[in-house]
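Trainee: Please read through the structure below; I'll follow up with questions.
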Amino acid sequence: MRKAIITLISAVAFGVTGQAMAAGGVEIPKRDWSFQGIFGSYDRASAQRGFQVYQEVCAGCHSLNYIYYRNLMELGYSEAAVKAFAAESEVEDGPNDEGEMFMRPAVPSDRLVKPFPNAQAARASNGGALPPDLTLMVEARIGGPNYLYSLLTGYTDPPADVEVMEGMNYNAYFAGHQIAMAAPLSEDAVEYADGTKATVAQMAEDITVFLAWASEPNMEERKGMGMKVMLFLIVFCGLLIAVKRRVWADVH
Amino acid sequence: MSTDPQWKNPVIRWVDDRLPIFTYMDHEYQQFPMPRNLNYFWNFGALASIVLVVMVVTGIMLAMQYTPHVDHAFESLERIRRDVNYGWLLQYIHMNGASMFFIVVYIHMFRGLYYGSYKAPRELLWMLGVVILLLMMATAFMGYVLPWGQMSYWGATVITNLFSAIPIVGDWVVTLLWGGFSVDNATLNRFFSLHYLMPFVLFAVVGLHVVALHVSKSNNPDGIEMQGPQDSVPFHPYFTAKDSVGIGVFLLFFAFFVFYAPNFFGEPDNYIEANPLQTPAHIVPEWYFLPFYAILRSVTFDVLFIPAKLMGVLLMFGSIMILFILPWLDTAKVRSARYRPIYKFVFWVFLFDCLVLGYCGAKPAEGWYLVLGQVATLYYFLHFLIVMPILGKIETPLPVPTSISQAVTGSGGGGAAGATAAKMEKS
Ligand code: HEM
C-alpha cells in the first residue's frame, strides 16, 4: 500500500503540472540555465547584459513595475552606478509647498520608470496591443525561461498557408502564432559594454536571465537556506528513527 | 476526573484540583492506549494537525502585510515576497502548505476507507472528518482568491456562479457571496474575512474529531478492537516517538517543495494580475479540486426536470455528502480490507477512479475526456450506492485474528506486552 501511495502522489502531481507545452500547443525546446538546479544561481555577467538589453530595447514599451533601482545592486552594480541609472529618468513627485506636482530625477528608492503613464497610452502607441509588465513574465508562462527564450528567437517567416493579419507578426511559439510585438531583437541591437558579440540568441539568453532574476530576486537565498534546512532535517530524521527503534525495541 | 496522586508539585496540584488539565493530558496523551500494531498510515492525523498549525501561524503573519483590495492585493503579495524579511519563505510555506494539507488529508481518508475506520463505533469520528474536509475546501478556495491573480479571479467567478443553479434563491445567494453584482472588491474583502475565520472553526471541529477518537480509540490494520493491555502500548513514548519520525520525514518532503519547487503545484496564470476583461484559455482549479471539478462538468444533459448545470452542482456536492452515509452503505461485518479479498480489489479500483476523475478535471471537458469523466463519475457513485452495500452481503471474508496480540506475535501476547501492561496499570 505504501508504494501505491507514492505512485499515486506522483501521478497526480506530474499528471497535472508536468506539461511543457505553450498555450498554442507547440513543444518548447528545453535549455540549460545557470539558475536551475539545487545549486543554481543567476549568472551576474549575463544578467547585467540582460539589463542593458532591457534598458536599450524593451524599456521603450514594457514596464518592470515591481523592481526598484536599488534592487539592481543585487546584480553587482555599485551604488554609484545605480544612482546614475536612476538619474537618467525623471519621476513625478509632490505636491510641494505650493501644492504643485513637479518632476525630479529618479533615485535608487524609486521604481523603474515606466515607458507609458497608463495602459491606454501604452495601447495607443502599440496599435491597440498592450505590452505586458515583464517583472513576473518568467513565472507567468508555461515553460518559464525556455518559453521566453523561444519567443524572442521564434520569429520566422509564416508557413505558406498562414496569412498574417495587419500589424501582426508570425512567431512559432506565441499562442495562436500571431503577435502584435514586432521582433524586438536584431543582430547588434545593443553594443555590449563587456564586448560580448550581440547576436539575437545571445541577447535573448541575457534578457531571459535578467528577467528570471526580476521574477524571483530571492531565489539564491531560498536555495541556500533550503540546503541548510534539508541537511538539518536529514540528520534530525536519522536521530528520530534511532530513538523510535530504541523505544519500540521491547515491543517488536 | 480526580487529581492523580502522582502530582507532587504543589502549584500543579493546586491547578489540577480546580482544572484537571495535567491529569487530562496525562490520561489522553501519556497513558492513552494505542493498538500496538498500527502502521505508518496512522501518522497522518498527527501530520494534518501539524499542517493546520503551520498554516495558521504563517497565515496570520502574511495577513499582517497583505492588503485585501482589488487594486493592491496582487502587489502586496509581490511586496511580501520581495521586501518583507523572509516574506518569500512565509508565502511559499503557506502556498505549498495548502497542497500538503490536502495530500495528507486525502491519504488519511483513504487509510480510513482501506481499514474500515468509518464503521461502528467510529461513525461520528468519520462524519466529523467529512465536516473538516468541507471546511478545508471552503478555506482553500477562498484563500486562493486572495492573491488576485487571473486564476484567483476566474476560479472565483466560475465557482460562485455555480450557486446560481439553485432554483428560486440561486441569484440571491450569488449576490450575497459577491457582495455586489460581480466578483469585485466586496467579494475579496468578505473572502479575506472568512478565510481568516474558518481555520479557527476548523480547529474547533478537529478538537471534536480528536475527542471522538479518544472515546472509540484508534482502529488498526487488523480492524479488530483492543481487548486488553496485551493489545496496546501507551501513547507516550511509543507514539510520540513514532509520530515524530513521520513528522520529520514529512517536513523533509514539505521543505523540498518550499525550497526547490515552490511553484510546482501552482498555475503560471496566477502570476498575472486579475483582469475581468480577459478570460484565460483554460480555467482550472487547484489540483486538489480536480476530481470534483470533473464531476461538476460531467453532466451535459438535463436529467428529467433538472437542468444540466444544477445536476452537475448536485453531483459535485453529492460526491462529498455521500461520505456522510458511508458507514451505513457499507454492510460488511469485517472492517479491514486485509481480510476482505474482494473489497481490497474494489478499493484500488475506486482509488484509480478518483485519479481518473482528477485527470479529466485538468483537461478540457470535450471529446474523450468528457466521456471518460462521465464514466468515472458514474463509477464513483456506483461504488458507494451499489458496490459497497452488495459486497458486504456477498463477500466471504478471510478468517480474522481473535486479538491484536495474536495477529502481531502469532500467540497470546509476549514478555514485552507484559512490560507495557505494567506501565498501563499505573493510570
Ligand atoms: C484537519 C484535518 C484533520 C486532522 C487534523 C485530523 C486529525 C486526526 C487525528 C490526530 C487522528 C488520530 C491519528 C490517526 O489515526 O491518524 C485522526 C483519526 C481519524 N480521522 Fe482525522 N483528521 C483530519 C481530517 C479527517 C478527515 C477529512 C477524515 C475523513 C473524512 C478523517 C477521518 C478520521 C478517522 C476515520 C480516524 C480514525 C482512524 C482510525 O483510528 O483508524 N479525518 N484524525
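Trainee: Quick one: order B:Thr377, B:Thr402, B:Thr67 from most to least accessible surface, probe 1.4 Å.
Mentor: Descending order: B:Thr402, B:Thr67, B:Thr377.
Trainee: By how many degrees, 0 to 90 and rounded to 10, does the Cα axis of helix B:44-63 deviate from the longest principal axis of chain B?
Mentor: The answer is roughly 40 degrees.
Trainee: Let me ask something else. Taking 8 Å as the Cα distance limit and 6 or more residues as the minimum spacing, I'd like the relative contact order of the stretch A:116-246 as a percentage.
Mentor: Across the stretch A:116-246, relative contact order equals 21 percent.
Trainee: I'd like to know which of A:Pro95, A:His62, A:Met137 lies farthest towards the positive end of the charge dipole of the protein assembly as shown, counting +1 on Cβ of Lys and Arg and -1 on Cβ of Asp and Glu.
Mentor: A:Met137
Trainee: Shifting gears a bit: So what is the relative contact order for chain A, in percent, with contacts set as C-alpha pairs under 8 Å and at least six apart?
Mentor: With pairs under 8 Å counted, the relative contact order is 25 percent.
Trainee: Accessible surface of B:Arg190 in the full protein assembly, 1.4 angstrom probe, to the nearest 10 Å²?
Mentor: 90 Å²
Trainee: What is the calculated FRET efficiency for B:Leu252 to B:Lys393, with r their C-beta to C-beta distance and R₀ = 41 Å, to the nearest 0.05?
Mentor: So, using R0 = 41 Å, E works out to roughly 0.35.
Trainee: If you take every residue apart from B:Ser182 with its C-beta less than 14 Å away from the C-beta of B:Ser182, what net charge results, scoring Lys and Arg +1 and Asp and Glu -1?
Mentor: -1
Trainee: Listed highest first by mean packing, meaning other Cβ atoms within 10 Å per residue, what order do A:174-180, B:249-255 come in?
Mentor: Order by mean packing, descending: B:249-255, A:174-180.
Trainee: Another question, then. Would you pull out the residues with amide H under 5 Å of B:Met34's amide H, same chain only if 5 or more places away, H placed 1.01 Å from N?
Mentor: Counting only residues 5 or more places away or on other chains, the set is B:Val233, B:Phe235.
Trainee: Could you let me know the centre-to-centre spacing of the stretch B:59-112 and the stretch B:305-380, using Cα atoms, in angstrom?
Mentor: Each part reduced to its Cα centre gives a spacing of 30 Å.
Trainee: Tally up the carbon and sulfur contribution to the accessible surface of the stretch B:298-367 as a whole percent, 1.4 Å probe, everything protein left in place.
Mentor: 74 percent
Trainee: Also, quick follow-up: Along the charge dipole of chain B, Cβ charges K/R +1 and D/E -1, which of B:Ser164, B:Trp126, B:Val400 sits furthest on the positive end?
Mentor: Checking the options against the dipole of chain B, the answer is B:Val400.
Trainee: I've got another one for you. Averaged over A:136-142, how many beta carbons belonging to a partner chain fall within 10 Å of each residue's beta carbon?
Mentor: 5
Trainee: Determine the dipole magnitude for the protein assembly as shown: charges of +1 sit on the beta-carbon of Lys and Arg, -1 on that of Asp and Glu, nothing else is charged, the reference point is the Cα centre, and the result goes in debye to the nearest 20.
Mentor: 3720 debye
Trainee: Amide H neighbours of B:Ala332 under 5 Å, counting only residues 5+ apart in sequence or on other chains, H built in-plane at 1.01 Å?
Mentor: B:Gly392
Trainee: Summarise the partner chain shielding of B:256-263 as one whole number: the mean count of Cβ atoms from other chains within 10 Å of each residue's Cβ.
Mentor: Other-chain Cβ atoms within 10 Å of each residue's Cβ, averaged: 5.
Trainee: Run the helix sum for chain B: -39,500 (n - 2.57) per DSSP H stretch of 4+ residues, divided by residue count, reported at 222 nm to the nearest 500 deg cm²/dmol.
Mentor: One gets -20000 deg cm²/dmol as the mean residue ellipticity at 222 nm.
Trainee: Which stretch or stretches of the stretch A:222-252 have amide N atoms under 20 Å from the point lying 7 Å from B:Tyr40's Cα along the Cα→Cβ direction?
Mentor: What the label zone holds, given the 20 Å backbone N cut-off, is A:230-252.
Trainee: What accessible area per residue comes out for the protein assembly as shown, rounded to a whole number of Å², with a 1.4 Å probe?
Mentor: 48 Å²
Trainee: Calculate, for B:Val158 and B:Asn85, the FRET efficiency according to 1/(1 + (r/R0)^6) with r their C-beta to C-beta distance and R0 56 Å; round to the nearest 0.05.
Mentor: 0.95
Trainee: Related question: Over chain B, what is the mean sequence separation of C-alpha contacts under 8 Å (at least six apart), divided by residue count, expressed as relative contact order in percent?
Mentor: Computed value for chain B: 23 percent relative contact order.
Trainee: Determine the distance separating the Cα centre of the stretch A:71-111 from the Cα centre of the stretch A:112-150; give it in Å without decimals.
Mentor: If we compute the Cα centre of each part, the gap is 22 Å.
Trainee: Can I ask one more? Report the accessible surface area buried between chains B and A, summing both sides, using a 1.4 Å probe on protein heavy atoms only, in Å² rounded to the nearest 100.
Mentor: 4600 Å²
Trainee: Further, regarding this structure: Going by alpha carbons, how many degrees (0 to 90, nearest 10) lie between the helix axis of B:150-162 and the longest principal axis of chain B?
Mentor: The angle comes out at about 80 degrees.
Trainee: What aspartates and glutamates sit close enough to A:Lys244 to cross-link, taking a C-alpha to C-alpha distance under 17 Å and skipping anything fewer than 8 places away on the same chain?
Mentor: B:Asp243
Trainee: While we're here: Based on Cβ point charges of +1 for Lys and Arg and -1 for Asp and Glu, what charge dipole magnitude is obtained for chain B about its Cα centre, in debye rounded to the nearest 20?
Mentor: 1060 debye
Trainee: Continuing with the same structure: Given the -39500 (n - 2.57) contribution per DSSP H run of 4+ residues, what per-residue ellipticity at 222 nm results for chain A, rounded to the nearest 500 deg cm²/dmol?
Mentor: -13000 deg cm²/dmol
Trainee: Report the far tail of the P(r) of the protein assembly as shown, meaning the percent of Cα-Cα pairs longer than 48 Å.
Mentor: When all Cα pairs of the protein assembly as shown are counted, 27 percent exceed 48 Å.
Trainee: Sort the following peptides by mean Cβ neighbour count (other Cβ atoms within 10 Å, averaged over residues), highest first: B:226-232, B:341-347, A:36-42.
Mentor: B:226-232, B:341-347, A:36-42
Trainee: Need one value for B:269-281: mean number of C-beta atoms belonging to other chains within 10 Å of its residues' C-beta atoms.
Mentor: 3
Trainee: For chain B, what number of Lys pairs, 8 or more residues apart or on separate chains, have alpha-carbon atoms under 25 Å from each other?
Mentor: Summing the qualifying lysine pairs gives 17.
Trainee: Hey, any idea what % of the stretch B:83-216's accessible area is carbon plus sulfur with a 1.4 Å probe?
Mentor: In the stretch B:83-216, the share of accessible area belonging to carbon and sulfur is 77 percent.
Trainee: Same structure again: May I ask for the angle, rounded to the nearest 10°, between helix B:308-324 and the longest principal axis of chain B, with both axes built from Cα atoms and the value confined to 0 to 90°?
Mentor: Roughly 10 degrees between the two axes.
Trainee: Taking the Cα centre as origin and putting +1 on Lys and Arg beta-carbons and -1 on Asp and Glu beta-carbons, what dipole magnitude results for chain A, to the nearest 20 debye?
Mentor: With only Lys, Arg, Asp and Glu charged at Cβ, the dipole is about 1900 debye.
Trainee: What are the residues of the stretch A:229-252 that lose 50 Å² or more of accessible area, with a 1.4 Å probe, going from their chain alone to all protein chains?
Mentor: Checking the loss per residue gives A:Met230, A:Leu233, A:Cys237, A:Leu240, A:Lys244, A:Val247, A:Trp248, A:Asp250, A:Val251.
Trainee: A further question on this structure: What nm distance separates the two modelled labels at A:Phe39 and A:Ser89, each placed 7 Å from Cα along Cα→Cβ?
Mentor: 3.7 nm
Trainee: Hey, what D do you get for chain B in µm²/s if you plug the Kirkwood alpha-carbon radius into Stokes-Einstein at 4 °C and 1.567 mPa s?
Mentor: Translational diffusion coefficient: 54 µm²/s.
Trainee: In terms of the Cα gyration tensor, with a ≥ b ≥ c the square roots of its eigenvalues, is chain A rounded because a/c is under 1.5, prolate because a/b exceeds b/c, or oblate?
Mentor: oblate
The values are calculated or read from the model by the stated rules, or taken from the named source; none is laboratory data. In this text the structure is predicted, and so the values were computed from the model without any measurement. Because the Cβ atoms are built from the backbone with ideal geometry, glycine has one as well, and the counts that use them run over all protein chains shown. We work out accessible area using only protein heavy atoms, side chains counted, and drop any ligands, DNA or RNA first. Shrake-Rupley method; radii C 1.70, N 1.55, O 1.52, S 1.80 Å.
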